[in-house]
Structure formats: C-alpha cells, structure tokens
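One structure is given below, encoded as structure tokens.
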Amino acid sequence: MVTFFTSFALMANSPGPDWTDEALLAAVQGGGQEREAALRHLYLLPGLREAVFRFVLENGGNRSDAQDVFQEALVLFDRNLREGRFEGKSTLKTYFVAIAKWHWVGLRRQQGRYVEWEPAQYDGAAESPEVETLRAEHRELLAEAMGHIGERCRELLRLYQLDYAMEEIARKMGYSGADSAKKEAYRCRTKLREHLENHPSWSDYLTEK
Amino acid sequence: MSRDERLFDKIEAYLRGKLPAEEAAAFEAEMSADAELARQVRAQRMELQGLEWLVERDLRAKMDAWEREVEQAPAPLRVSFVRRWWAAGAAAVLVLALFGWWLLQPRQTDIGGPQPIVSTPDSATSPQDTPVKKVPQPPRKAPQKQPDHIAEKSSPKPPVVTTPRPVTPAPAATDYPALAATYYRDQDFMDASAAATGESPLYGQALDRFKSGNYAAAEKLLAPVIKLNPNALKTKELLAHSLYKGGRYDAALPYLRELAASKDKSVAERSEWAMALTLLHRMPGQKPLLDRVLDKITSRPGHAFYRQADELKQKLK
C-alpha cells in the first residue's frame, strides 16, 4: 500500500499536465523565461524520453546515442518552433518524436549504415542535409568570432536572439534603459561583424553558392 | 539613427520574417538589383546563425542541468510511463476497495468526519475536516479560494478522494547563466594564465585556440599534458576554463576544486571565484555548495574577488 501511495506522491512531483500544446508553443515562440520553463517541462515530460530512447535502441543505437538524439531533438524542436516551422499538423509530442527519429535516421545514413525504416514526413521538416552541413561548416567560424566579443556581448546577443524585449535586456544586463540596450546590441553586432570580416574565409562564405 | 543602423534594422526585419509581404517582395527586388545589398544581407544572415549558435550553446548547458535533475530524482522522472499508469490504476482499485469497506462500516455520530483516504502529497496543506476534491488548476491562475461552507463541521459526508495536485512549471526565476555571464570576465582569468607558456609547449597553442573560441581544440591539446604532468597548475586552469566556456560545467568543476586547494594564492583565489561562477550554471541544485564557496570568499576581505562575491551573494538573496 505504501508503494501505491508513494507512486501517487512521486507522480505529483513530476511536471504536471498543465502545459497545453498551445501554451508550450506560445512560451517557446515568445522567448524569455517562459521558453526555458516550457523546454524544461518537455525535457522532463514522462513518456517523451522513453519514446525517443525506445526508437534509437530498436534501430541500432545504444543509450548514449539515444541520450544525444534526445538532446539534439530538443535543440531542433526549439529552433523549428521559434522559426515558425511547426504547422500544427500533429501534437507537439508527436512532432518532437518525429524530429528525433529523423535525426537518428539521418545520423545512421551519414555513418553509411543502411536504414530501411523511413520516418513519416512531419510538417516543418528540419532543414535539408545540405543546409545543416553548411551550418556546421559555419559553426567554427562563428564560434571563433564569438570568442572575441566578450561574454557580456554574447549574453546580450543571446537574449536578443531569443526576442527578449529591450527593456528586459536592459533590466537583466544592468543598462539604463531600452535605448542603451539597443545601442549596445548594435555595438556588439558591429564588433562581431568586424571579427567575421577579419577571418580569411569570410568572403568565401559570402559568395553566393 | 544613422543610415547604417536603419539599413541594419531593415535587413534584420527581413531576415526575421517581420517585414510585411509586399515590403519583403520589394526588398528582394532591390537585392537582386544591388549586389552590395545582397552581400550585406548574406553577412547579416550569417551573424544571425552565430546568434542562434549562442542560443543552442546555452540550451545545451541547461539540458545538462535538467539531466542532473533526472538523475537525482528519487524515482518519478525515471519511472516508465507504463509503470506510472499501472501504479495509478492499482491505487485507484485500492481506493475503491477502501471506499467499499467504509460504506460497510457502522456510522459514527460524535466525531467530525472521516479522514481522507488518499491525501495530496502537499504536506503544507492542513488537514480539513471534510476533504475536498482538488481539481487540477489551469496554468498560471491564482489558486481558487475554497468556499466557506466546506469548512463547516456538519454531518459526515462520504470522503472524496483528493488527487495529486498538478505541479505548475517552475516559476520564472533568476537567470543564473545570465548572471554568471555578467560576472565572468576573460581578463580575470586569462591574463594571468598567459604568462604560463613555459609549462608546456602545447600551452601556447591551446591558449591561441582558447582565445579564438575553439574550446574543444584547446581541451584536446591540454588534456594529455595534464595526464603527463598533474602538477601543471596553469595548464589545468586553462583546461578548466576551456571546459567552462564550452559549457561543460560538470567537467570543469573537479579541476577548479583542485586548483582552489592550491598553495599558489592567486591561482587558488581565481579558481574559487571561477568555481562559484561554474556553480551558478548548476543552480538551483548546487545552491548549498555555491553558498559555501561564496561564504569562503567573503570571509576573507583581502580575497581578490571579495567584492564580486559579496555582490553576487546579495543578488542571490
């Protein structure tokens, strides 16, 4: 009996069922701290992790692969939602699992493994492998430039990218107001551009392919 | 606002899909006729990818922290979905059985009423004479006040099973990574390390990688050096900061802890402060340890980071 009561108590401590898909979508797209709460909720949502793990384990992966796929899926899920790629043709949970499946199948194919299974297409599919490869190629260049602009600029630009209001950025970062924060964001972007332009391969990246 | 800024804002709006369709189409036409404008748009698109990289980096760090919540959870977050429903079903059967048993009992007339059979796990809730069914509340609404009549001590009523109260998402709290970013200054740590090129021929190369933001490459160069020479303090310090900057806070902590115990006072003090900032990324789980580290720093007014630690303590209160 204690076990049953304990089960109830433990269930009550897990994230509750009060996030509807609409609320999750609005929170992620709205950015700010609501986004973090929504993503945390998904990360800890019972059943979601298990679905991804089960798929990876049943399709040639181990637990470590499954863990990586689960985390990568959240990164892609977050980006897709913020960029408006989710068209609402499924529930968010189904969408998340579809992203994870596509990601795992893509990885297996990159590793030269034959994958018979073809995941059903999901709306707002991840970018093409070419675009993803391009992103990965840019990553090193961007990481290097980001390394030069200082932690404060990085944090400011992160908040900006997450659509925090300038007032909120000013409050968090200690600027006198929205105008100062905006000026500082522009200054940081200029600084970033200067470092990018100093990179020998920058002009190659700008050449239309 | 200068012309450059206006153009910057327009490109930004275009790339973020915030221009009305007609304006976006006009802008695209303008781009196809103006190679320089097209180039600027490509450059700005690339910058936005860089900003997205920052968002991803931060999310990965947060996932590491959430993963620790999963690992540290006593059981509920790890228990499988099927097992949870099985447990819920079994508990429901038990509750029904107890309810049947209660119905068969002779009625008592002199006491306040039956006790709840299954109570909410919220221990802060005071027991009521007549337990009331708790309905899950929609998110972000103030809890509804119970009507007065339910507190009346009237004739006993059948018990109503209270269901586990849904847990609302974590309230918007301090943005710890942002706080850590505010306090982490490269020059506090790296100027001192720059003088250590003599420790290993690879140190200089690693420092270059570090300064260019290629933390994984720096780590790759430094890790074997530490294995060969576990006493290479500054190499270890650079490795710890490479891990920190790469968002690998858990991996950075053991090195910082070792360095904080160093006999070299400046290394020890820097590392204590770096440890505090690393622990900030592990809040709220690591609050007790963070408090201890901050207390240690602020117990010594001559500490190189006394002022910062004291200020941070106030902010965390």
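Here are the numbers for the structure shown:
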{"read-out": "13 Å beta-carbon shell around B:Lys296, net charge (K/R +1, D/E -1)", "value": "-1"}
{"read-out": "For the stretch B:294-300, 3J(HN,Hα) per residue [Karplus equation, 6.51 cos²θ - 1.76 cosθ + 1.60, θ = phi - 60°, Hz, x = Gly/Pro]", "value": "5, 4, 5, 5, 7, 7, 10"}
{"read-out": "Averaged over B:36-46, number of beta-carbon atoms from partner chains that fall within 10 Å", "value": "3"}
{"read-out": "Per-residue mean of C-beta atoms belonging to partner chains within 10 Å, peptide A:147-156", "value": "6"}
{"read-out": "J(HN,Hα) series, the stretch B:254-263, from Karplus relation 6.51 cos²θ - 1.76 cosθ + 1.60, nearest Hz, glycine and proline x", "value": "x, 5, 5, 4, 4, 5, 5, 8, 5, 7"}
{"read-out": "Residue-by-residue Karplus 3J(HN,Hα) for the stretch B:233-245, coefficients 6.51, -1.76, 1.60, Hz, glycine and proline x", "value": "4, 6, 5, 5, 5, 5, 5, 4, 6, 5, 5, 4, 5"}
{"read-out": "Pairs from B:Lys10/B:Lys220; B:Lys18/B:Lys313; A:Lys182/B:Lys296; B:Lys236/B:Lys296 whose Cα-Cα separation, in the structure shown, is over 32 Å", "value": "B:Lys10/B:Lys220; B:Lys18/B:Lys313; A:Lys182/B:Lys296"}
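All of the numbers you see were taken from the coordinates with simple rules; none came from a lab. Keep in mind it's a predicted model, so treat the numbers as computed, not measured. Backbone-built Cβ (ideal geometry, glycine too); neighbour counts: all protein chains shown.
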